[in-house]
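Here is the structure we will look at.
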Amino acid sequence: REKAEREKAEREKAEREEREQTEREKRERTEREEREKAEQEASGAKGAEPVELSPIATSGGEELYVSLFDYPGEQDGDLALTEGCTIVKLEDLGDNWWTGRCVETGQTGMFPATYVESAPAKKDVPPSSDAAPIEATPAETAAPNAMPTAASSKIETKVALYSFGQDDPEDLQVETGDTIVVTETVDDDWVRARNEKSGAEGLIPKNFIGTPEELAALEEEGDAEDGHDAGEDVVEEQKHDANLYSAVFAFSADNEDDLGFEENDDIIVIRDEDENWFFGRNVRTGQEGIFPKTYVEPKSS
């Protein structure tokens, strides 16, 4: 039975990779058509003065770009763009694909690098709440095609109400009272943030951070001294509330994005990739990746 399930999973993976290749070719064809269209429009313009653009960076070292065309985003993980929006480049994925954040909508995701150009030097984006806010133009405030996502990149400054240890590689370690800059809301329970004291970035439960007034109230009640133990209780409660599954069979991580696990390992399902695959985290190893749905079942409480 295990062999049959493995063969089924391999077939499903091959089909998924074939679909991704087809989507990639479709995107490249669309890019070529858009570039040809832009060149034709540019050649027909009269008296237009060329604008000299140079890559600039925020005070945090992030490079800024402006989108040349609309990009609707064709699958989960893509960043939808509208012509003229400002993009903060996060990572170069290779093959002319980047990940970035759209300043106007707060969305993050992948997009073709050929759809953007370096932003004019006058347009800057503050990396934290300490910097001056951007004054949006009417075109930017309208954003009629902005599509909301589950994750929000609204920047906030908080303080740590409790100490939080680094149980997983992506966790952010903090001590009670540390200044925390929230850079992204991941879901209802977790945020991505930066510890201003250590400079480290990672994930931390929302329950662990708050306002200076909230911290002062906790200290008056004497709860702040027991913050580590209270924090552990919050984490355990969240784990029980999460999508916790148990591995029915062992699964080998044959590809870089696979999540390997042993039979009976506890797996937290983070999201549904498609009808056959989950993306999740192995509680035992802390690693994340994709795996077949048929290899796990919901863990009974």
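Here, each number is a calculation from the coordinates, and none is a lab measurement. Nothing here was measured: the structure is a model prediction, and the numbers come from that model. Backbone-built Cβ (ideal geometry, glycine too); neighbour counts: all protein chains shown.
General remarks:
- Taking amide H as placed 1.01 Å from N in the peptide plane, the amide H of GLU184 sits under 5 Å from that of ARG192, each at least 5 places away or on another chain.
- Greater than 22 Å apart at Cα, pairs in LYS89/LYS293; LYS13/LYS293; LYS8/LYS293: LYS89/LYS293
- Coupling constants for segment 214-220 follow from the phi torsions by the Karplus curve (6.51 cos²θ - 1.76 cosθ + 1.60, θ = phi - 60°), and in residue order they are 5, 5, 4, 5, 5, 5, 5 Hz; glycine and proline get x.
- With 0.36 nm allotted per residue and the present C-alpha distance subtracted, the GLU5-GLU91 stretch has 27.4 nm of extension available.
- Cut-off 13 Å between beta-carbons: net charge of the residues surrounding GLU31, Lys and Arg +1, Asp and Glu -1: -3
- Whole-Hz Karplus values for segment 270-281 come out as 8, 7, 9, 6, 7, 5, 10, 10, 9, 10, x, 10 Hz, taken residue by residue from phi with 6.51 cos²θ - 1.76 cosθ + 1.60 and θ = phi - 60°; glycine and proline positions read x.
- Extension gain, THR211-LYS26: 0.36 nm per intervening residue step, less the Cα-Cα distance, totals 61.8 nm.
- For ALA113, net neighbour charge (Lys/Arg +1, Asp/Glu -1) across residues whose Cβ lies under 15 Å away: -3
- Net +/- balance of residues flanking LYS13 in space, Cβ distance below 9 Å, scoring K and R +1, D and E -1: -4
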